[in-house]
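One structure below.
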Amino acid sequence: MRAVLIVVLYLILATSSYKTYDGYKMIKVTIGSEKDFLMILDLESKNLLTIFAESRSGHVDVLIEPQHAAQCKEFFKSKGLSYEVMADDVGVEVAKEKRRLLRKSSVATGEFSYDTYHRYDVISDRLAALAAKHQTVAEIVDLGTSYEGRTIKAIRMTANISSDESDDKPMVWLDGGSHAREWVSPATMMYIIDSILGEQETDKSDKMGELLAKFQIVVAPCINPDGYEFSYEEDRFWRKNRQPSGCKNNKLNWYGGCFSKLCYGVDNNRNWSVDWGRTGVSTDPCSEIFPGRAPFDQPNTKAVKDYLEPLKDKLKLFVTYHSYSEYFLTPLGYTEDLPADHEHHTKVGEAVVRAIAARHGVHYVPMRAAEMYPCSGDSADWAYEGLGVGDSYTIELRPDWDSWKVGFELPEDQIRPTAEENVDGLLALIENIKYSRENNNGTED
Ligand SMILES: [Zn+2]
């Protein structure tokens, strides 16, 4: 039966418009200054490459189409930038991953596990099953509907969930899957939910009971379900959502259609209202960093905003999980100016990365988000400045810069350790937020 299912899946793939990435190059460029970074950003704006991960003081990982490879390499050489080819044919890596996923697909095994990445329906069903099993402490929250009609779901967890008093508890918000291709993010969210509900064996089980007693924890594992599914079915490195975003170069033909082609997708992490549309964005609707036409004009961001805004006085911690590069990012993202809570954020960052490293020895780097790459309209800045949540962070999960050929394709055997270290990181984070410090023995250290 399982063999038949795998054959069927292969046939579906063979007949779909799956993007193969044959001949694409994955290149790591070493940069020494902001000027170097801006040069690479300029190449991206000319559609000569796509930036996958960046750090202004270290490296930039770029994906290059075969026809632009020679030109880009020549450019790097002429500017004195050294580079390393991580994958000479990204198509080979994509095909390898696809074969592994088909072998381990939950369609084939019929179960939810952490040794593979799951489709959105499977994630969604798992959330519903967990809420049904743990009725006294968990319930599903329907946040809204995506452009393609999928329900954007969260799970709310707290002790005595049906009591009125549970609504008044301080709230922790965690979300994942804002960017479609960052698959380890929804997987990590699911593991965190499992750990809180006692579905995973963890040496921190006693802490979970305390957590549920003190807080209401709301986790939205995948706030961009259309993009996530598209990245599985058609384009492994799709980043944005799937709402039509406009015509290439805004050229319309005589009947109002696109002159060349219709582009899709808005960057969900550029569509929030704080400093919207100013830096680290592109007005080209085909761009990876198109921020939409107005803040919250996308169903994904609007769903989260509509849920959290009325609860902002209760919200004590906001964390959004991305990949990759192993960073703990503190506010602000849109400006180099230090926020009022900078000193507090620095202490929190140190505590979190210490806890993460204690699990498997992996050292995440704490820094202000703008130090990595300034950008406007991201969700953590919105929570910090728009909602006034003093503890608002972005975590970039595994891998680091050097471990894998293509960073978004984190091998499935890395899901569990990534998730485990982030359960520990989250517990350290909650212990160190302003709310916890102020409410532990009534003193703040
Ligand atoms: Zn991301």
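Listed values, structure above:
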item: For region 153-167, Karplus couplings with θ = phi - 60° (6.51, -1.76, 1.60), whole Hz, Gly/Pro x; result: 10, 10, 10, 9, 10, 6, 5, 6, 4, 7, 7, 4, 5, 5, 5
item: Segment residue 20-residue 82, extension gain: residue separation times 0.36 nm, minus the distance between their alpha carbons; result: 19.5 nm
item: GluC sites (Glu not before Pro) within region 351-445, DSSP loop, no more than 12 other Cβ atoms inside 10 Å; result: 444
item: Choice from 154, 303, 340 with maximal GNM fluctuation in the chain (Cα, 10 Å cutoff); result: 340
item: Residue-count net charge about residue 276 - beta-carbon cut-off 15 Å; Lys, Arg +1, Asp, Glu -1; result: -1
item: The chain, dipole about Cα centre (Lys/Arg Cβ +1, Asp/Glu Cβ -1), debye to the nearest 20; result: 1320 debye
item: Size of charge dipole - region 161-221 - debye, nearest 20, with Cβ of Lys, Arg +1 and Asp, Glu -1, no other charges; result: 240 debye
item: Where a label projected 7 Å from the Cα of residue 313 along Cα→Cβ would reach, residues of region 159-177 with amide N under 16 Å; result: 165-171
item: Among 228, 114, 324, residue whose mean-square fluctuation peaks in a GNM of the chain (springs only between Cα atoms under 10 Å); result: 114
item: Charge context of residue 376, other residues only, Cβ under 12 angstrom, K/R +1, D/E -1; result: -3
item: Candidate residues 313, 42: accessible-area rank, largest first, probe 1.4 Å; result: 313, 42
item: Sorted peptide list for 196-209, 22-35, criterion being average Cβ within 10 angstrom, highest first; result: 22-35, 196-209
item: For the chain, share of DSSP beta bridges that run antiparallel, in % to the nearest 5; result: 60 percent
item: Mean residue ellipticity (222 nm) of the chain, computed from DSSP H runs ≥ 4 via -39,500 (n - 2.57), nearest 500; result: -11000 deg cm²/dmol
item: Label-point separation, residue 283 to residue 302 (7 Å along Cα→Cβ), nm; result: 2.4 nm
item: Entries in 153/405; 240/261; 169/302; 240/312; 28/96 that, when Cα-Cα distance is taken, lie over 29 Å; result: 153/405
item: Rh (Kirkwood; distinct C-alpha pairs) - the chain, Å; result: 22.4 Å
item: Using θ = phi - 60° and Karplus 6.51 cos²θ - 1.76 cosθ + 1.60, couplings along region 30-45 (whole Hz; Gly, Pro as x); result: 8, 10, x, 7, 5, 4, 4, 4, 5, 5, 6, 4, 5, 5, 5, 5
item: Most mobile of 263, 222, 375 in a GNM of the chain (Cα contacts under 10 Å); result: 263
item: Ordering of 285-298, 178-191 by packing [mean C-beta count within 10 Å, highest first]; result: 178-191, 285-298
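The values are calculated or read from the model by the stated rules, or taken from the named source; none is laboratory data. Since the model is a prediction, treat every value here as computed from it, not as a measurement. In this analysis, Cβ positions are derived from the backbone assuming ideal geometry, glycine residues included, and neighbour counts consider all displayed protein chains. Quick note on the areas: whole protein, heavy atoms, side chains included, nothing else; ligands and nucleic acids left out. Shrake-Rupley method; radii C 1.70, N 1.55, O 1.52, S 1.80 Å.
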